[in-house]
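Take a look at the structure set out below.
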Amino acid sequence: MTREDLLHLATTFRDAAADDLEQAQQLSDIHWATFRAQERLDSLEAQLFAGLEVKVDCRAGCSACCHLAKIDARAHEIFALAAWITEHFSEEARVALVARAKAHAEAVAGLSLAEHLRTVRACPMLQDAKCSVHPGRPSVCRIGHSTDVNICERAFENPNDLKARGGHNPDVKASMTAAADGSTFAFIEAGMDRTTYDLSSALYEALSDPEALNRWIGGEQAFSDSAKAKQEGLGLDVASNPLPSE
Ligand code: SF4
């Protein structure tokens, strides 16, 4: 993949999401635009796996990657996921998820970036070794894939080794990341919260604090500072890297 290929991909995804957002008249339309962007990401992944003949080794019930405590997402993805949960979960299951997400938020709030990266902790949405929110999961969970589950298991068992090789196909990961960043950029350009959040910490607030949604709709930072993703020293962020206009 060349830099030009990745820029083209990011721009294509940005433009598609921008078109969807332009038609949005109410909150449910914005969530629809988010899920349309996720569907395009899923289609791209299928094309990449087929075109690059990638042999994926992920299996049902293997949840090593869902034990990485640091999973980042954007506000539009988190509110779309919260709406999906509210629509599809029973009240009892929703209350239980909120409690697990709260425990997660409290457990990671005081961690440094290095400590967070080394933390092994089941995602609050992981139930019976499966993602209980699979259709609503954010883009970071769609980008993840492995060509060798042994690599994932080694990473799971050795969380202190932050330089361990990943099991992903580099071209697939770069393409999926560029496409996801392109979609995200359309939401940022539309004036929405540009902050990157810790998925479960922010989801807890989305599901328990109605004011978070009001702040987001008002173009403000939706979630608390303690729900922000720890990013110091991790390099560039999509929000500081505008895509070129065509
Ligand atoms: S949201 Fe689902 S796919 Fe993503 S980390 Fe949690 S359980 Fe895994």
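Restricting to region 73-114, and then to whatever is of a type in the set (D, E, K, R) and within 11 Å of the ligand (Cβ to nearest atom), can you tell me which residue is farthest from Ser208 (Cα to Cα)?
Taking region 73-114 first, the residues of a type in the set (D, E, K, R) are 74, 77, 87, 91-92, 94, 100, 102, 106.
Applying the additional criterion that residues be within 11 Å of the ligand (Cβ to nearest atom) yields 77, 100.
Details: Glu77: 16, Arg100: 12 Å.
Going through the qualifying residues, I end up with Glu77.
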**OP:** Give, as residue ranges, the helices (runs of 4 or more DSSP H) completely inside region 121-204 that count at least 1 residues that are crowded, with 18+ Cβ neighbours inside 10 Å, within 9 Å of the ligand (Cβ to nearest atom) and not β-branched (Val, Ile, Thr).
**Re:** 139-143
Subject >> Members of region 205-229 that are in contact with a Phe, Trp or Tyr (Cβ under 7 Å, 6 or more places away or on another chain) and part of a helix (DSSP H, G or I) >> reply: Glu205, Ala206, Ala212, Leu213, Trp216, Ala227
**OP:** Output the residues belonging to region 72-102 that are surrounded by 14 or more Cβ atoms within 10 Å (Cβ to Cβ), of a type in the set (Gly, Ala, Ser) and assigned to a helix (DSSP H, G or I).
**Re:** Ala75, Ala80, Ala82, Ala83, Ala96, Ala101
Original post:
Only one of Leu48, Leu27 is more than 16 Å from the ligand (Cβ to nearest atom), among the aliphatic types (A, V, I, L, M), over 24 Å from Asp171 (Cβ atoms) and touching a helix residue (DSSP H, G or I) at 6+ places or on another chain (Cβ under 8 Å); which?
Top reply: Leu27
**OP:** Taking Leu68 as meeting all but one of (1) more than 30 Å from Asn214 (Cβ to Cβ); (2) under 16 Å from the mean Cα position of the chain (by Cα); (3) free of Cβ contacts under 8 Å to residues at least 40 places away in the same chain, write down the number of the exception.
**Re:** (3)
**OP:** Write out, first by first residue and then by second, each pair whose Cβ atoms fall under 7 Å of each other, whose residues are 6+ apart or on separate chains, and whose first residue, in region 117-128, is under 13 Å from Cys141 (Cβ atoms) while the second is assigned to a strand (DSSP E or B).
**Re:** Met125/Cys131
**OP:** Looking only at region 49-56, decide whether some residue is without any contact (Cβ under 8 Å) to a residue 60 or more places away in the chain, of a type in the set (Phe, Trp, Tyr), farther than 30 Å from Ala109 by Cα and in a helix (DSSP H, G or I).
**Re:** no
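Here, each number is a calculation from the coordinates, and none is a lab measurement. Since this is a predicted model, take the numbers as computed values, not measurements. Glycine gets a Cβ as well: all are built from the backbone with ideal geometry, and neighbour counts include every protein chain shown.
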